[in-house]
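The values are calculated or read from the model by the stated rules, or taken from the named source; none is laboratory data. What you see is a predicted model; the values in this text were computed from it and never measured. Virtual Cβ from ideal backbone geometry, glycine too; neighbours counted across all protein chains shown. Quick note on the areas: whole protein, heavy atoms, side chains included, nothing else; ligands and nucleic acids left out. Shrake-Rupley method; radii C 1.70, N 1.55, O 1.52, S 1.80 Å.
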Amino acid sequence: DAIDPQSNLSSEVLHDILCALGLDGTLYLTKKALIDESLVRNRHQVAHGQHLDIEHSDYERVYPEVVGLMEQFRTDVQNAASLQSYRNSPRAYRRKDR
């Protein structure tokens with residue numbers, strides 16, 4: 001119950017996950033538009049059967065940013081696990097009211 005993905009990941013859900021794990025979300029907050037507009041919105045369109053044209057230049061711009069965020073998230077989780085810092089998170093087991 002500590003992490004509720006709410007069916008679709010968004011920058012807000014990611015922030016909740018980061019807080020629950022006691023991770024710093026500063027970097028991810030700077031990528032809010034990328035997450036919500038370039039990823040979530042496009043994923044939603046495809047999932048609901050809409051055709052989506054993606055320019056190669058858009059792919060080349062977004063891909064390294066997304067991979068970079070994924071690698072950073074992995075590193076953050078690994079560090080929290082290694083240091084057991086997730087245990088010190090005041091929000092680790094408290095769900096945010098919606």
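Kindly evaluate Tyr28 against the criterion of being among the aromatic types (Phe, Trp, Tyr), more than 19 Å from Leu14 (Cβ to Cβ) and at pLDDT 85 or above.
On the way: among the aromatic types (Phe, Trp, Tyr): yes; more than 19 Å from Leu14 (Cβ to Cβ): no; at pLDDT 85 or above: yes.
No, not satisfied.
Can you tell me which of Leu21, Leu34, Leu14, Leu52 is open to solvent by less than 60 Å² (accessible area, probe 1.4 Å) and modelled with pLDDT of 90 or more? Steps first, please.
Values: Leu21 fails: modelled with pLDDT of 90 or more; Leu14 fails: modelled with pLDDT of 90 or more; Leu52 fails: modelled with pLDDT of 90 or more.
Just one listed residue meets the conditions, Leu34.
I'd like the full set of residues that are over 20 Å from Arg61 (Cα atoms) and in a loop (DSSP other than H, G, I, E, B), limited to region 9-33. Outline the logic, then answer.
Initially, region 9-33 is screened for residues over 20 Å from Arg61 (Cα atoms), giving 9, 12-26.
Leu9, Leu21, Gly22, Leu23, Asp24, Gly25, listed by residue number.
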Mind checking which residues of region 31-50 are more than 14 Å from Ser11 (Cβ to Cβ) and among the small types (Gly, Ala, Ser)?
Ala47, Gly49
Checked pairs for region 62-80, first of a type in the set (Asp, Glu), second open to solvent by 80 Å² or more (accessible area, probe 1.4 Å), C-beta under 9 Å and 6 or more apart or across chains, list as Asp76/Asp24
